[in-house]
Amino acid sequence: MLRNYKYEPNKLEVFTTEILGSTVLQFYYKKYIKSLELKDNEKILDFCCGSGSLAKNIKRLNPKSKLFFSDISIRWHNLARIKLDKFSKVGSVSFSSLIDSIYQKYDRIIVHFVIHDFPNKLHADIFKVLIANCKSGGVINIREPLNDNHGFKLFQLINQLESLQELTYDYEIRDIPLIGKVVDVLCCKK
């Protein structure tokens, strides 16, 4: 089902995301990336990278890391490619190759404010893709909003994680100014 799902942002969403991502969210991105304690030798995937603002900050803070990015949207993927083109050790990965998991596995996969935007019926498929692309002993960092109107209910996410035999996980709920309540999940692949 995930293979047939399509999404393209409209011009207003792109404009708003670009303005916020290049201004007020810069401090937020840097703080979040530092909290991940990324290592220089890690092979990192920014899963559904959107405009590429988070990925750009990952490269600025960790220039020696090998960063790959992908998005289900062709528009977002191309925008991220333009934004990340000037950095070394950056690669673009098609979303279909992630579904087929034909690339090498990643040490760390970062999933930032993404899963809740997909229809609920696709969440299990997304986790299957994440697990298939994470190497054994690798880490999947997930940050999702906890909101009844736009985001997860905590029990939905926990139920999904509990059903996965390939991962161990821990989570922490945070209240971030201007953003609201989020859950940070640290998953380790067995």
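Going through G151, G138 one at a time, which residue ends up being closer than 26 Å to N4 by Cβ and touching a strand residue (DSSP E or B) at 6+ places or on another chain (Cβ under 7 Å)?
Details: G138 fails: closer than 26 Å to N4 by Cβ.
On inspection, the qualifying residue turns out to be G151.
Scanning the range 154-190 for residues that are in a helix (DSSP H, G or I) and either surrounded by 10 or more Cβ atoms within 10 Å (Cβ to Cβ) or in contact (Cβ under 8 Å) with a residue 12 or more places away in the chain (or both) yields L154, Q156, L157, I158, N159, Q160, L161, E162. Within the range 85-105, the set of residues being of a type in the set (A, V, I, L, M) and within 16 Å of the chain's Cα centre (by Cα) comprises V90, V93, L98, I99. I102 meets the conditions (1) closer than 22 Å to V129 by Cα; (2) touching a residue at least 24 places away in the same chain (Cβ under 8 Å); (3) loosely packed, with under 14 Cβ neighbours inside 10 Å; (4) of a type in the set (A, V, I, L, M, F, W, C) in every case but one. The failed one is (2). Can you say whether I19 is among the β-branched types (V, I, T), farther than 23 Å from I99 by Cα, part of a helix (DSSP H, G or I) and without any contact (Cβ under 8 Å) to a residue 12 or more places away in the chain, as far as the supplied structure shows? It is true that I19 is among the β-branched types (V, I, T), farther than 23 Å from I99 by Cα, part of a helix (DSSP H, G or I) and without any contact (Cβ under 8 Å) to a residue 12 or more places away in the chain.
Computed from the coordinates by the stated procedures, all read-outs in this text should not be read as laboratory data. Please read these numbers as outputs of a predicted model, since none were measured by experiment. Using ideal geometry, Cβ is built from the backbone for each residue, glycine included, and neighbour counts are taken over all protein chains shown.
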